[in-house]
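The values are calculated or read from the model by the stated rules, or taken from the named source; none is laboratory data. This structure is a prediction, so every number in the text was calculated from the model and none was measured. Positions of Cβ are backbone-derived with ideal geometry, glycine not excepted, and every protein chain shown enters the neighbour counts. Note: areas computed on protein heavy atoms with side chains; ligands, DNA, RNA excluded. Shrake-Rupley method; radii C 1.70, N 1.55, O 1.52, S 1.80 Å.
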Amino acid sequence: MVEAERVQPGDEIHMGPPITVDRYGPAARVNHWITALSLILLAISGLALFHPSLFFLTALFGGGQTTRWIHPWIGVVLFISFYIFFFQLWKANLFTRTDVKWLMSVKEVLTAQEDKLPEVGKYNAGQKMIFWGMALLIMALIITGVIIWDQYFLEATAIPTKRIAVLVHALAAVAIICIFIFHVYAAIWTRGTLRAMTRGTVTGGWAFRHHRKWFKELAQRRRVDPAE
């Protein structure tokens, strides 16, 4: 395991009062919400096509044929938007020895005993697991989605391959929906987190409590070079 890059371009402390910390810029926030909206639309349209009992959901997209046409294109949008995010953040999401210690302290994590947890950088181990899980599942979805996209790739693969792709696509979709729900729950459960993706900033207290190593490195960088 290597030491991850925690401080990224744009991360900065503003002394206030009150103290605030820049966590995400405008472009990152817009891209995040495009990814989130794409996931929601894909989940609804995918479920509508998955089982006859859910077919009524196609009315939200203008009917069955429209849903069938638009679903894969939303998938393309999701793939592009997430992987823009991916190439910006993958270094900060590499696992370190501190993450192992954090995962070993799952009881303290669930009971919000922050003082007993190891100091973490910009992302904790749970956030990193969500990040890499999303990366792998979205890759699986786009590959299998292309295989079964008969409008353009009908003759590119054999029927047995398409059958396997349909199964993998469905399993990956269920997994990513579960991860998405957990991600939303965690963001709401940890007070002050949603602000990072709405305003782009977090409070100094939030940063010190939840991502203390990241906060200290930003403070140290500010002392070394106040003009930075």
Q: Quick one: which residues, 5 or more positions from Leu94 or on another chain, have an amide H under 5 Å from its amide H? H modelled 1.01 Å from N in the peptide plane, none for Pro or chain starts.
A: Glu5
**Q.** Solvent-accessible heavy-atom area per residue, rounded to whole Å², over the chain at 1.4 Å
**A.** 59 Å²
Q) Of Lys128/Lys216; Lys91/Lys116; Lys107/Lys216; Lys91/Lys216, which sit over 23 Å apart, Cα to Cα? A) Lys91/Lys116; Lys107/Lys216
Q | Check: the stretch 74-228 dipole with +1 on Lys, Arg Cβ and -1 on Asp, Glu Cβ, in debye | A | 600 debye
Q: Take the stretch 76-206, compute every pairwise Cα distance, and split them into 5 Å bins from 0; I just need the percent in each bin.
A: 2, 9, 15, 18, 18, 13, 9, 7, 5, 3, 1, 0
Q) Which three lengths, in whole Å and largest first, does the stretch 1-103 cover when its Cα atoms are put on their principal axes? A) 53, 35, 22
Q. Which percent of the accessible area of the stretch 1-154 is formed by carbon and sulfur heavy atoms (probe 1.4 angstrom)?
A. 72 percent
Q. Long-range amide H contacts for Ile148: which residues qualify at under 5 Å (H placed 1.01 Å from N, peptide plane, sequence gap of 5 or more or a different chain)?
A. none
Q: Provide, in order from the shortest bin, the percent of all Cα-Cα pairs of the chain in each 10 Å bin, continuing until the bin that contains the maximum pair distance.
A: 7, 28, 30, 19, 12, 4, 0
Q | Burial ranking of peptide ranges 167-173, 122-128 (average Cβ count within 10 Å, highest at the top) | A | 122-128, 167-173
Q) How far is helix 159-189 tilted, in degrees, relative to the longest principal axis of the Cα atoms in the chain, given as a value from 0 to 90 rounded to the nearest 10? A) 30 degrees
Q. Most fluctuating residue of Thr98, Thr157, Thr67 in a GNM of the chain with Cα springs under 10 Å: which is it?
A. Thr157
Q. Going by average Cβ neighbours within 10 Å, how do the peptides 139-149, 56-66, 79-89 rank, with the highest at the top?
A. 139-149, 79-89, 56-66
Q | Average Cα contact separation per residue, the stretch 105-228, under 8 Å, 6 or more apart, as relative contact order % | A | 31 percent
**Q.** Taking only Cα atoms of the stretch 113-175, radius of gyration then Dmax in Å
**A.** 17.9, 58
